[in-house]
Each structure stands twice: as C-alpha cells, then as structure tokens.
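Shown next, in structure tokens, is the structure this report addresses.
The values are calculated or read from the model by the stated rules, or taken from the named source; none is laboratory data. This is a predicted model, so every value here is computed, not measured. Cβ sites come from the backbone with ideal geometry, for glycine too, and all protein chains shown count toward neighbours.
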Amino acid sequence: MIRRIAQWAAGASLQLVTTLAFAANHVVTVGGVGNGFSPSNLTIQAGDTVTFRNAGGFHNVVADDGSFQCSNNCKGTGNPSGGTPNSSEWSQTLTFNSPGQVPYYCTAHGAPGGIGMSGKITVQGGAAFSIGSAVTGNWYNPAQSGHGFQLEKVNDTTVTAFWFTYDANGNQVWILGVGQIVDNRIEMQAVHSRGGRFPPNFDPTQITNPPWGTLTFTFTSCNAGSVSWTSVDPLFTASGTLALERVTSVQGTSCP
C-alpha cells in the first residue's frame, strides 16, 4: 500500500511504501434528505473516527454528555463559543477511544435523550493502548498530505513533537512541544519557533519560542491515533482534531 507524503519541512517530498493497519473512519450525514442523521445509530470500535458532514440545513452535532459540540468548528478550551448550528457544508472528524454509548443531537431540531433530530454511537472494544518506543516516527493525515508530525519517545515518560505545518497565511511553521505520557495519551504545551534564517545568516540570538497552545495525542495502536489542539495564536484555528496515521518507523522498534 503506497503512502505519499509531500512537502514536509523545507518543502521536502518523498514516497514511502508500507503496509499498515489503521483505525476505521465512519461517516454520518447531517441534514439533507430526511433532515436527520444517517445512520442515526452507529456501532464502531474504540479508536475509530467518525466524520459528521452537513448535507444541508441549519444544524450542529452535540453530545448529550457535553463531550463535543461541533458544526463548522468545535467548541473547546480555545474556542468557547464554537459548535453553534450552521448551514454551511461543514465537516468535523472526532475520535472515540472509550467504550460505551454516546448519544448526540442537533440543538436546533432535537433535545438530549433522543427527542427530535438525534443519534447514537456505540463504541465497542476497549483496553487503552500503552505507548512504547514504537510511537517514534513520522505521522500524518492522508487527506492532508503536505504537513505532519515527527514524534520521539525520549524516555519512559517523555515524548517530543515537531509539527511541520503552515499558518493561516500559508507561511511554513514549526510548532514544538515536549509532553508527558498519560495512559494512551501525550499531553504537552507547544511553542511556535520564529526568527530563523538559512545559513550563513542564521543567528541563534534571533530565535524566539512564544507559547502557541496545547497538543494532545491519543493512540489506539502503533499505527493509528489522533491529535487535538487549542491555540492562543490568532494565525491558527483555535481548536480542532486530526486523525493520524504512521508514515515511518525507527529501525529496531516494533509494536507490542
């Protein structure tokens, strides 16, 4: 299975051939014909992702327990008013890691408890993946080839992350973080490295690393996971979630 990643840091382009097993993505259509959720009842495995796509109408999707509230954006720490009903053709992808049932509804056309426009996700399976050295490597989302993460587990509790990406104006950006492993998650504060120049004009005294926000990586296997973020930098989306797949691994490491 061919996986391509293009234009990583400094515009590098490479092609890799690898065979991997990935968590599944499921699509739930919001609105459109019938003005409901389709399918309204969905069974998935822990670690799978669900993409909600608005097909028409003034809608959002909100968990009964308040764990998510999304439309053209998602409510989060960096975006406290997100997720209000919206009639645009929005799409949001969420990862479900914990077994159980997650009822949800549209605040414009339903109510908690399955009244009106509502749905339910049943998450099966379960034991949390234990993060080991095999997490080290390069990760990306195949639908957004052109930016991605480099992770390295440096000791039993610590992982570094480099996000080679772009800001809202299209400028290449390095976002850096160091975080602690908590079960199957890595939580970290991140900075936005600035001020560099290509040699021989590089001056280390010009480098600054202002706070950028938070990154939380959640893994369901050695080859699949997701990242969620909140940012305090106005040049970036305030919050979001992105499913991730492995691109490369380090020789000598293996999945448990």
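Which of the residues that make up the range 185-206 are in contact (Cβ under 8 Å) with a residue 12 or more places away in the chain and part of a loop (DSSP other than H, G, I, E, B)?
Scanning the range 185-206 gives a single hit, Gly195.
Run Pro99 past the list (1) farther than 21 Å from Ala55 by Cα; (2) not assigned by TED's automatic domain parsing to the domain that holds Gly32 and report the number of the one that doesn't hold.
(2)
Residue by residue, here is whether (1) more than 20 Å from the chain's Cα centre (by Cα); (2) surrounded by fewer than 20 Cβ atoms within 10 Å (Cβ to Cβ); (3) under 12 Å from Tyr104 (Cβ atoms) holds:
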{"site": "Ser40", "(1), (2), (3)": "yes, yes, yes"}
{"site": "Gly56", "(1), (2), (3)": "yes, yes, no"}
{"site": "Asn60", "(1), (2), (3)": "no, no, yes"}
{"site": "Ser71", "(1), (2), (3)": "no, no, no"}
{"site": "Gly76", "(1), (2), (3)": "no, no, no"}
{"site": "Trp90", "(1), (2), (3)": "no, yes, no"}
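If only one of Thr165, Thr95, Thr158 is surrounded by 20 or more Cβ atoms within 10 Å (Cβ to Cβ), touching a residue at least 12 places away in the same chain (Cβ under 8 Å), among the hydroxyl-bearing types (Ser, Thr, Tyr) and under 29 Å from Pro210 (Cβ atoms), which one is it?
Matching residue, one of Thr165, Thr95, Thr158: Thr95.
If you check Gly113 against the conditions, is it more than 16 Å from the chain's Cα centre (by Cα) and either assigned by TED's automatic domain parsing to the domain that holds Pro85 or assigned to a helix (DSSP H, G or I) (or both)?
Judged against the criteria, Gly113 is a match.
If you go through the range 207-221, how many residues are surrounded by fewer than 19 Cβ atoms within 10 Å (Cβ to Cβ) and either closer than 17 Å to Asn25 by Cβ or of a type outside the set (Val, Ile, Thr) (or both)?
Of the residues in that region, 4 qualify.
I'd like the residue in the range 179-206 that is over 17 Å from Phe129 (Cα atoms) and among the hydrophobic types (A, V, I, L, M, F, W, C) and, out of all such residues, is surrounded by the fewest Cβ atoms within 10 Å (Cβ to Cβ).
Phe198
One residue is enough: does the range 74-93 have a residue meeting the conditions in contact with an Asp or Glu (Cβ under 9 Å, 6 or more places away or on another chain), under 26 Å from Ser231 (Cβ atoms) and modelled with pLDDT of 85 or more?
no
Restricted to the range 42-81, and to residues that are in a loop (DSSP other than H, G, I, E, B) and in contact with a Cys (Cβ under 7 Å, 6 or more places away or on another chain), which residue is farthest from Val30 (Cα to Cα)?
It comes out as Phe68.
Do you know which residues across the range 96-107 are modelled with pLDDT under 90 and in a strand (DSSP E or B)?
Result: Gly100, Gln101.
Hey, Ala224 hits all of (1) within 21 Å of Asp48 (Cβ to Cβ); (2) surrounded by fewer than 20 Cβ atoms within 10 Å (Cβ to Cβ); (3) not acidic (Asp, Glu) but one; which does it fall short on?
Checking Ala224 against (1) within 21 Å of Asp48 (Cβ to Cβ); (2) surrounded by fewer than 20 Cβ atoms within 10 Å (Cβ to Cβ); (3) not acidic (Asp, Glu), the one that fails is (2).
Please count how many residues of the range 207-242 are part of a loop (DSSP other than H, G, I, E, B), closer than 17 Å to Ile131 by Cα and polar (S, T, N, Q).
3
Of the conditions (1) touching a residue at least 60 places away in the same chain (Cβ under 8 Å); (2) surrounded by fewer than 21 Cβ atoms within 10 Å (Cβ to Cβ); (3) part of a strand (DSSP E or B), Ala134 satisfies every one except a single condition; which number is it?
Answer for Ala134: the failing condition is (3).
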